[in-house]
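Here's the structure we're looking at; comments come further down.
The values are calculated or read from the model by the stated rules, or taken from the named source; none is laboratory data. In this text the structure is predicted, and so the values were computed from the model without any measurement. Backbone-built Cβ (ideal geometry, glycine too); neighbour counts: all protein chains shown. Areas reflect the complete protein model, heavy atoms only, side chains present, ligands, DNA and RNA absent. Shrake-Rupley method; radii C 1.70, N 1.55, O 1.52, S 1.80 Å.
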Amino acid sequence: MQTLGGAHPGILKRVLPVIGPLLLIVGGESRAVEPGVDIATPRVAIVTVNNTISFIPTSTVVEPGDYVRWQVAPGTSLGHTTTSGEICGVTTGLWDVNLNSVTPKFTRQFNEAPGDISYFCRPHCFSNMRGNVNVTPPIVATAAAASGIFTLTWSGGSGLYKVFRSGSPAFPAPLVPMSPDGNDAGTSFTDFVQPAPGSALFYLVINE
């Protein structure tokens, strides 16, 4: 995931130098979930286990360099594992960690090339407790403005998208999600609001 500086109107700082901030974030949370791991770059995607025989969510989408954190929900009595591999009982050796009251969370960074990485729970694999991490190509975003109309476009990533606009870098609530052009699977967003240059900030969120 990339954090980019830019303006409204303007072009992203990592594309062309301009003034004013623009922030792009991948993921559903807007706060750090683990000390030392910034939610913006990279993000931390959360997978929860509880007394059901499933990973929640089953499929997790991240960019290279993002983290996935498996965590045990309060009140969970069942013991689980998160174990890399497609075949029950056979790990690929990337990770194999117990998830229980003693070890209630495990966080791993995904620096692998884009593709799917399967995993399972050892005690419950044959009950179909399986999951996968989909490492997508990095998101590359650009922004431009003409005649007071701001356009944000991006490539890479995967899934559905939402855009959030705010006048504050803290993005205080309430935030109103806006769909990209062509609905949630679109890869561009046109903003016809005309705030002063440098006064608007944006989050681009996938899988929201």
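Between residue 171 and residue 153, the modelled labels are 2.3 nm apart [label points 7 Å from Cα along Cα→Cβ]. Using heavy atoms of the protein chains and a probe of 1.4 Å, the accessible area assigned to residue 184 is about 40 Å².
At 1.4 Å probe size, with every protein chain present, just tell me what the per residue accessible area of region 120-190 comes to in Å².
On the way: 3390 Å² over 71 residues.
Heavy-atom accessible area per residue stands at 48 Å².
Here region 86-208 exposes an accessible surface that is 56 percent carbon and sulfur, computed with a 1.4 Å probe and the other protein chains kept in place.
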